[in-house]
1. Quick one: if the Förster radius is 22 Å, what FRET efficiency do residue 48 and residue 23 give, using the C-beta to C-beta distance and rounding to 0.05?
2. If packing is taken as the mean number of other Cβ atoms within 10 Å per residue, what is the order of 89-102, 9-22, 71-84, highest first?
3. Need one number: nm distance between label points at residue 55 and residue 76, each 7 Å from Cα along Cα→Cβ, rounded to one decimal.
4. What's the extension gain from residue 113 to residue 101 if we count 0.36 nm per residue and subtract their Cα-Cα distance?
Amino acid sequence: MLLTQKSDTIGVLSSGLCLVHCVFTPFLFVIQTHGSCCEGSEVPFWWKSIDYIFLVISFFAIYKSAKQTSKNWIKYAFYSFWIVLSFIILNEKFILIKIPEETIYIASLSLVILHLYNSKYCRCSNEKCCSVS
């Protein structure tokens, strides 16, 4: 399966695209208020749904990468930043507490960096390698 073999690549792409999506969302609002984008005052449903698609894809990429990493701390970092990212996205939808919008960039970028680091330095090639922390 592609996800098993390329989980870090998929994780980098998913988290990177999430980051790009988060960066361009404010520009969508600016364009929309000037009347050149979308009809009505609502952000398109497909644009709002992308957050959840990225979360699901990144979860499966993290799950596979965490199973194959040679470093235990990477596993905890993957899941910690994914939980932070999930909370930030859900908080944006339901406004539970006031969090600066820039925090989503930190969580997304951290996942990109973790996947890149894991793919370069922490991949197991055999069972003996995976038992080393």
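Laboratory data are not the source of any read-out in this text; all were calculated from the coordinates shown. Every value quoted in this text rests on a predicted model; they were computed, and no experiment measured them. Please note: Cβ atoms are built from the backbone with ideal geometry, for glycine as well, and neighbour counts cover all protein chains shown.
1. 0.90
2. Top of the packing list down: 9-22, 71-84, 89-102.
3. Going by the 7 Å Cα→Cβ label model, 2.5 nm.
4. Length gained, residue 113 through residue 101: 2.3 nm.
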